[in-house]
Structures are given as C-alpha cells and as structure tokens.
1. Every residue in the range 38-68 that is in a loop (DSSP other than H, G, I, E, B) and either surrounded by fewer than 19 Cβ atoms within 10 Å (Cβ to Cβ) or of a type in the set (A, V, I, L, M) (or both), please.
2. Quick one: how many residues across the range 108-117 are open to solvent by less than 70 Å² (accessible area, probe 1.4 Å) and farther than 16 Å from ASP57 by Cα?
3. Here is a list of conditions, (1) open to solvent by less than 10 Å² (accessible area, probe 1.4 Å); (2) farther than 22 Å from ARG19 by Cα; (3) acidic (Asp, Glu), and ASP241 meets all of them except one; can you say which number that is?
4. Hey, among THR321, THR307, which residue is over 19 Å from VAL251 (Cβ atoms) and of a type in the set (Ser, Thr, Tyr)?
5. Tell me which residues, restricted to the range 248-268, are assigned to a loop (DSSP other than H, G, I, E, B) and either modelled with pLDDT under 95 or open to solvent by 40 Å² or more (accessible area, probe 1.4 Å) (or both).
6. Could you check the range 288-335 and list, in sequence order, the residues that are closer than 21 Å to VAL266 by Cβ, part of a strand (DSSP E or B) and of a type outside the set (A, V, I, L, M)?
7. Determine which single condition LEU93 fails, assuming it passes every other condition in (1) surrounded by fewer than 16 Cβ atoms within 10 Å (Cβ to Cβ); (2) in contact with a helix residue (DSSP H, G or I) (Cβ under 9 Å, 6 or more places away or on another chain); (3) not in a helix (DSSP H, G or I).
Amino acid sequence: MADETVLLGHGSGGTMMKRIIDEVFAASYGSEELAQGDDAAVLPAPAPGERLAFSTDTFVVTPHFFPGGDIGRLAVCGTVNDVATSGAQAKYLSIGMVLEEGFPMNDLRRICETIAATAHEAGVHVVTGDTKVVNRGHGDGIYINTAGIGLIPANRSLSGANCRPGDKVLVSGTMGDHGIAIMSQREGLSFAAPIESDAAPLNHLIADVLEAAPDVRCFRDPTRGGLASTLNEFASQSNVDVVIREDDVPVKDAVRGACDMLGYDVFQVANEGKMVCVVPAEQSDAALAAMRANPYGADAALIGEVTEAATGRGPKVYVETGFGSRRILDMLVGEQLPRIC
C-alpha cells in the first residue's frame, strides 16, 4: 500500500477500504470464507444441510441521535441486514459497548432502549455483550460493536458472485436518505422537506422476496459507498457489467436537491434501510411485488440489468442518463461522509 498511515477514507466503503482489506487484513489472516467478499460468512452448522451465517460490524456514527434513529437502531439493523443478505434467518446478536468517561447515563439508557425495541422488531435476541470504558477525551462518547448469527436453510446459496447476464437489478426504496440525514444534522443544515434516516431491519423483507422469487442471486445493503460501491462489488465478484437507468432509481426530491447543493453523487451516499437485489429476469416481477408489499419496500423499483463484461477491460457499472448518454459509475474514492454508521 502507498498509504503510510490509516486515513478516514480507509473506512469509506470505497476503493481505499477495499485496498486496506485486500492488502493488509486479507494478506495477514485471510481465509476462504473471508475471500468470498459477502456481507456474512457462511459456515457449517451441526444439523445436516443447514449452515450458519455470521457477521460483525462496528458503529461510530456522530451525532449519536439523528432524525429517524440513533446509533442503537443502526447497530441492530446493520448487523441483522448483513446476516439476512445470505438468506439466513437472523437469530442472535452480541452488543459490545466502548464508552467514554463522562458519557451521559440517560443517553446510554435511551440507546439501549432503542436496541431492545429494534431487536424486538427484527425478531432477534441479544444474548451476549461486553463493556469497556476509555478515558475522557479518548473516544467519541460511544462506539458499538455487534455480531450476528443466523441459520441458512438447506439448498439456499446467495452471493455477489452469482450474478448472470440477463438478471435484473432491484432496489427496495429511495437512495441516499441516511447519509444526507446524518450530514444535515451534523452541519446544522435545514431543507424545505425533512430528511430522515432510513435505518430499518430488512430481514422480513428479504424473507418475503425469497418466498416470491426463490432463485434470487444475491442481496446487499448499500451502506458505506452507497449503491455505486454495492454494484461494483457485484460486478467484480461475478465478472459482469451492470447497467442501471438513472431515471429509474428512486430518490427523494429533498435528497436529490441536497446532493446537488453539496456536490455529492447520490449513488455514492450511504443507506441503512435499503436493499439491492439481483434476480433472474423471469422472477423480477414477483420479487418487486414482494418488496412493495412490505412496509419498508413501498418505493421499490427495478433499476437495471446485468450484462456480459466486455473482453479485455474488466467488469464495469454504467449509468444510462435521462439525456441518452452513458457514464461509468465508479466506487467511492476517499471519504465523502465520515462516520455515517
């Protein structure tokens, strides 16, 4: 790596984070499971045919409370969603707290109450945890580490490496809500229409889609790096191109206006309650209908297709604009919105 120190961009979800994962973490302790590159590792389970899904995440968002949620809701939703992307039924969570001396106890209670309520909504149980306290000035109030475990039914295999030319790409709702909500709260920005985080547990939505479209290729929640990073990960894992139509991607007017004002590409802005799904063309209508029938998928849309990658230049993601042109959609480079999850 050319970088001599860790930078904020190494946690962005974009190309810098991919580099530190590949060249430092995987190079030191990489495993077959880690090399799959999905949001949850798939592991053997004691029962014949069943497998375990296992995922971990850490949440360092500032501010800790924001429109639409708080760090506690993010912690539960993020890990439940990562486990569910494997097709697993999320079952158990761990919660590890790193607290800074002086953090208000009332805020901690409020966050813990949110954790309990969100876990109940998702149908998962918090079964273990850990607590550390660091000296005043050596933290940021509160960091939360989570791990989640779920059970994958026999004969189910979802992965970003499963995409095939002709498949359809769906999203479960509007893009960019969470990242812009965090930025507006942090910077004291106000907009004509309120912008709230979309943080939500999507395990039930995923289960609904799998029932309607059992041959789904993969799911992924477009968190850090947004839709752009997620689609580029799919393209790289499956060695395909992905083409999306800009006008078909749902974006709230207030979020689009905020991105225009701030100079952000909405496709690179983080989400915490949306899911990207790749599904065979013949099952796309059923998958879309299942998404839209779920309260968290009312704005779901079919946004594009998977195509053959051109020989000799590697997989790419393209956006077809409303003006009839086509542009390459790259992964986020560097850090756009620090501490969004």
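1. The first filter runs over the range 38-68 and keeps only residues in a loop (DSSP other than H, G, I, E, B), leaving 38-40, 45-50, 60-64, 67-68.
Residues satisfying the conditions are ALA40, ALA45, PRO46, ALA47, PRO48, GLY49, GLU50, VAL60, VAL61, THR62, PRO63, PRO67.
2. Final tally of qualifying residues: 6.
3. (2)
4. On the way: THR321 fails: over 19 Å from VAL251 (Cβ atoms).
Checking each option against the conditions leaves just THR307.
5. If we filter the range 248-268 for residues that are assigned to a loop (DSSP other than H, G, I, E, B), which is where we start, we get 249-252, 263-265.
Those that are assigned to a loop (DSSP other than H, G, I, E, B) and either modelled with pLDDT under 95 or open to solvent by 40 Å² or more (accessible area, probe 1.4 Å) (or both): LYS252, GLY263, TYR264, ASP265.
6. Passing the criteria: GLY304, GLU305, TYR318, GLU320, ARG326, ARG327.
7. (1)
Matching residues to (1) of a type outside the set (Ser, Thr, Tyr); (2) closer than 30 Å to CYS259 by Cβ:
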site: THR128; (1), (2): no, no
site: VAL133; (1), (2): yes, no
site: ARG136; (1), (2): yes, no
site: ASN145; (1), (2): yes, no
site: ALA161; (1), (2): yes, no
site: ASP167; (1), (2): yes, yes
site: ILE182; (1), (2): yes, yes
site: PHE191; (1), (2): yes, yes
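The values are calculated or read from the model by the stated rules, or taken from the named source; none is laboratory data. Quick caveat: nothing in here was measured; it's all calculated off a predicted structure. Neighbour counts run over all protein chains shown; Cβ positions are idealised from the backbone, glycine included. Areas reflect the complete protein model, heavy atoms only, side chains present, ligands, DNA and RNA absent. Shrake-Rupley method; radii C 1.70, N 1.55, O 1.52, S 1.80 Å.
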